[in-house]
Each structure stands twice: as C-alpha cells, then as structure tokens.
Amino acid sequence: MSDTRGTDATHPVRTLGPEADVLKAASFETLAIHGGFGPDEATGAVVPPIYTASTFAQDAVGQPHAGYEYGRTANPTRTRLEERLAVLENGQTAIAFPSGMAAGDAVLGTLCQPGDHVIIPNDVYGGTYRLVDKVLRRWGLSYGAAPLVDLDRVRELIRPGQTKLIWCETPTNPLLALADINALASLAHSEGALLVVDNTFASPYLQRPLDLGADIVVHSTTKYLAGHSDVIGGAVILRDDAIGDAIRFHQNSTGAVPSPFDAWLTLRGIQTLAVRVSQQSATALSLARTLTTHPAVERVYYPGLETHPNHELAARQMSKFGGMISFTLAGGEDAAIHVCNSVQIFTLAESLGAVESLISLPLQMTHASTSGSEFAPPANLVRLSVGLESAEDLTSDLIGALESIGG
Ligand code: PLP
C-alpha cells in the first residue's frame with residue numbers, strides 16, 4: 001500500500017478557493033457550499049476544523065501573528081461561518097453571535113445612545129419587543145411602532161435627528177406581514193436613519209435585504225440557516241466597514257460570542273439551506289391553500305396566497321414565500337388550543353425553520369411578553385413552521401386536528 005499522506009509541493013491540492021472566477025457568477029446553492037472559503041489550507045479537509053483553542057501562540061511581543069490572539073476576539077471556525085454568511089447575504093462583513101437576540105442587542109447597543117429613537121413593526125418578534133421596551137427603554141431609548149408596509153405611518157413616527165434606525169422584519173413573526181425594504185431604505189436614508197432588517201423568516205435564500213437598500217441584516221441563525229433545532233445562534237451582516245468594526249468592538253467588549261462548535265453546526269446546516277427552504281416553501285403553499293378551504297379556519301396568513309394583502313410585494317421581493325404560516329380559528333382561542341394539542345406530526349414547540357414541523361400558539365408561547373400590549377397577536381392565532389415531512393402527512397395531521405374541534 002503506497003503512503004499517500006503529506007503534501008507534494010509540486011502537486012498542491014487542487015482547491016476551489018474563495019476568489020475563484022467560477023464562484024463570481026455562481027448561484028446561491030453553490031455559494032452555500034463553496035462561498036467565502038475553500039478546503040482547509042493546512043490539510044485539505046473539505047470541512048472546516050473546529051478550533052477549540054481559547055488562546056493562540058504569538059511569535060514575539062509586538063510581532064504580527066496569524067490573526068488570532070484570544071477566542072473572545074476571534075476564532076478560526078467562527079471566521080469561516082462569518083465568511084460564508086457575508087457571501088450569502090452579499091455583504092462585506094458578517095459577525096456571528098451566540099443568539100439572534102445577542103445580535104440584535106449588539107446592533108442597537110452600538111448604534112443607539114440615550115435619547116435616541118427607533119421605529120419597530122407593530123407585530124415585531126416578542127423577544128425584540130421585550131429587548132426594546134423592557135431593557136433598552138430603561139437606558140433612554142424610545143420607540144414608535146407601526147405596520148411598516150404603511151410608509152405614511154412610518155413617516156409620521158420619524159423624529160428628525162432623533163430616529164436612528166428603522167428595525168424591519170419582513171415577513172413578520174407571527175402575522176407574516178410584509179414591508180417594502182427598498183422603499184423603507186429610501187425613507188430611512190432621507191431622514192438620516194439606517195434600515196436594519198431581521199431576515200430570519202425569509203433567510204438569504206429567499207430575500208437579500210442589502211441588495212434592496214438595507215444597511216444591516218440581522219439573523220437568528222437558530223432558525224433556517226442552521227435548520228436542525230440543535231443550535232442557538234445569531235448574526236449581523238453589513239457592508240459598512242466602520243459600523244462593522246464598531247459592532248465587533250461592542251462584541252469584544254461585552255463578550256457575546258458563539259462557541260466554535262456552534263459556529264461549525266451552523267455552517268453544516270447552511271450547506272442545505274436552499275434545498276430545505278425550497279421544499280418547505282412548496283409544502284407551506286400547499287398547506288396554506290388547504291387551510292383556506294376549511295370551515296374551522298377563520299383566516300390564513302401566508303404571503304404566497306393571492307389573497308394576502310401584500311402578495312405582489314412578496315412576489316417581487318422574495319424568490320419563494322417561505323415555510324411559515326399563521327391562521328386564526330373560527331372557534332376562537334379554545335379551538336386554537338385544541339388544534340395545537342391534537343396534532344401528532346407537528347410538534348408543539350417554540351422556534352421555527354428546522355426539518356421537523358412545529359406548531360405554536362404565539363400569544364401564550366413565543367409572544368407571551370407582548371400580552372396586554374398593542375403588540376399582542378390574536379388569542380386564536382396558530383403558527384406553523386413547516387418542516388420536511390411529506391406534504392400529504394402534514395395535511396392529514398392538520399385536517400384531523402381541525403375536524404376534531406368540538407368533538
Ligand atoms: N428574530 C426573529 C424573527 C425570531 O423569530 C427570533 C426567535 O424566535 C429572534 C429574532 C431571536 O433569535 P434567538 O432565539 O436565536 O435569540
């Protein structure tokens with residue numbers, strides 16, 4: 001048996017490096033697997049190593065080193081994740097965080113000061129509402145809320161010189177409302193504010209906010225990007241180096257960094273993002289259509305339905321409509337609770353964007369912190385995160401639960 005170990009300097013390993021011409025015009029599917037970095041330079045490993053080191057040897061005091069000093073500041077596995085995320089959102093810089101909330105907190109904490117004002121959607125994710133209303137308001141940040149698709153309402157809320165950013169979710173969690181990213185970016189910029197888009201629901205496979213004029217993209221990578229309900233993570237992606245450096249400074253100062261293993265798991269999930277979200281979008285559209293025909297269902301919220309008030313905007317801004325559906329029950333809160341408790345393939349759980357289908361009652365689960373406020377979703381609203389089980393099985397599971405209401 002010949003020994004093939006080691007590197008032959010005259011025949012270097014043939015790798016597809018991040019600068020390869022073939023990647024410049026590559027599609028999303030290809031970039032999700034090859035974008036940002038190639039095989040490991042030291043060994044040719046096609047999967048990046050998990051560098052667990054908390055600290056890195058330095059050649060001499062004051063001498064340049066290989067780019068890493070201490071694991072809070074930077075870690076090579078985390079760098080690989082950041083390189084790939086930057087490519088997928090068509091940004092210049094990505095910064096990985098240990099959760100979506102940590103990412104959002106770093107953006108708001110870096111860009112806002114006491115006395116500043118921000119605008120958020122009136123059905124923003126409950127955790128973002130809690131961060132702004134219960135944490136940052138104590139530090140002197142004020143906010144206004146509106147459906148962000150209504151540009152006149154947003155304009156009325158702007159306080160010239162004081163409004164630092166508009167925080168957009170599109171589609172929103174849980175009402176799947178849309179906002180026109182391009183129009184919001186123009187409005188924000190004309191007032192000297194920035195547009196931040198939480199792109200968690202769409203993922204960069206369906207929507208790239210920076211290309212539409214947004215300044216900063218935020219993700220809960222816990223969801224579609226990682227995609228397997230096995231890691232909590234977040235990310236910030238942007239093009240402006242100065243703001244990127246300021247967010248990195250904030251991160252290094254406050255210490256919210258993801259572990260190397262979490263970065264690796266997220267990278268592993270990202271490679272199949274396109275096939276997962278494509279299939280989830282197809283199944284969700286079919287389920288949403290079925291739900292509209294059932295008498296127990298009052299209203300279906302899904303941007304892929306022609307009846308969605310912003311369907312045309314969704315079709316223009318997104319390449320598919322995603323795997324999230326919400327619907328209200330004609331029988332009210334009790335019927336909604338019954339459906340959540342009766343399904344068998346859908347798992348009753350918070351979170352979204354993974355391979356297994358999840359069902360939840362937002363008002364009592366993900367959005368409990370909004371209860372009693374104008375941000376509270378309807379009590380009879382059920383939210384579905386459509387996974388990768390067969391569309392037929394998911395349909396019969398849901399229909400079975402709907403048919404048994406009042407039974
Ligand atoms: N943004 C949206 C739209 C979310 O749905 C979530 C979590 O559900 C977050 C942000 C927060 O992310 P994480 O749970 O990773 O902190």
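The values are calculated or read from the model by the stated rules, or taken from the named source; none is laboratory data. The shown structure was predicted, so the numbers you read here are calculated from the model rather than taken from an experiment. Every residue, glycine as well, gets a Cβ built from its backbone with ideal geometry; the counts of neighbours run over all protein chains shown.
Observations
- Test set (1) surrounded by fewer than 18 Cβ atoms within 10 Å (Cβ to Cβ); (2) more than 16 Å from the ligand (Cβ to nearest atom); (3) over 19 Å from the mean Cα position of the chain (by Cα) - Ser319 fails condition number: (3)
- Within region 376-395, considering residues that are touching a strand residue (DSSP E or B) at 6+ places or on another chain (Cβ under 7 Å) and not polar (S, T, N, Q), the one nearest to the ligand (Cβ to nearest atom): Arg383
Residue-by-condition table, conditions (1) in contact (Cβ under 8 Å) with a residue 12 or more places away in the chain; (2) farther than 19 Å from Ala256 by Cβ:
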{"site": "Thr93", "(1), (2)": "yes, no"}
{"site": "Val107", "(1), (2)": "yes, no"}
{"site": "Thr110", "(1), (2)": "yes, no"}
{"site": "Arg153", "(1), (2)": "no, yes"}
{"site": "Leu175", "(1), (2)": "yes, yes"}
{"site": "Leu178", "(1), (2)": "yes, yes"}
{"site": "Ser190", "(1), (2)": "no, yes"}
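- Residue list for region 16-35, filter: under 19 Å from Leu225 (Cβ atoms) and assigned to a helix (DSSP H, G or I): Phe28, Glu29, Thr30, Leu31, Ala32, Ile33, His34
- So Thr366, is it in a loop (DSSP other than H, G, I, E, B), touching a strand residue (DSSP E or B) at 6+ places or on another chain (Cβ under 7 Å) and crowded, with 16+ Cβ neighbours inside 10 Å: yes
- A residue that is in a helix (DSSP H, G or I), at pLDDT 95 or above and on the phi < 0 side of the Ramachandran plot cannot be found anywhere in region 221-232.
- Of all residues in region 329-363 being part of a strand (DSSP E or B) and in contact with a Phe, Trp or Tyr (Cβ under 8 Å, 6 or more places away or on another chain), the one that is surrounded by the most Cβ atoms within 10 Å (Cβ to Cβ): Ile359
- Filtered by the rule that a residue be in contact (Cβ under 8 Å) with a residue 24 or more places away in the chain and either within 17 Å of the chain's Cα centre (by Cα) or over 18 Å from Leu176 (Cα atoms) (or both), region 276-302 gives Arg276, Val277, Ser278, Gln279, Gln280, Ser281, His294, Pro295, Ala296.
- Filtered by the rule that a residue be at pLDDT below 65 and surrounded by fewer than 10 Cβ atoms within 10 Å (Cβ to Cβ), region 13-25 gives a lone residue, Arg14.
- Restricting attention to region 128-166, the residues being touching a Gly at 6+ places or on another chain (Cβ under 9 Å), within 16 Å of the ligand (Cβ to nearest atom) and either within 25 Å of Gln317 (Cα to Cα) or assigned to a strand (DSSP E or B) (or both) number 1.
- For region 205-236, a residue qualifies if it is in contact with a His (Cβ under 9 Å, 6 or more places away or on another chain) and within 14 Å of the ligand (Cβ to nearest atom), and the qualifying residues are Leu225, Gly233, Gly234, Ala235, Val236.
- Residue among Ala246, Ala256 that alone is farther than 18 Å from Glu83 by Cβ, away from the ligand (no atom under 14 Å from the Cβ) and either surrounded by 18 or more Cβ atoms within 10 Å (Cβ to Cβ) or of a type in the set (A, V, I, L, M, F, W, C) (or both): Ala246
- The lone exception for Val124 - which of (1) of a type in the set (A, V, I, L, M, F, W, C); (2) touching a strand residue (DSSP E or B) at 6+ places or on another chain (Cβ under 7 Å); (3) farther than 16 Å from Gly244 by Cα; (4) at pLDDT 95 or above it fails: (4)
- Tally of residues being away from the ligand (no atom under 12 Å from the Cβ) and not β-branched (Val, Ile, Thr) across region 87-103: 6
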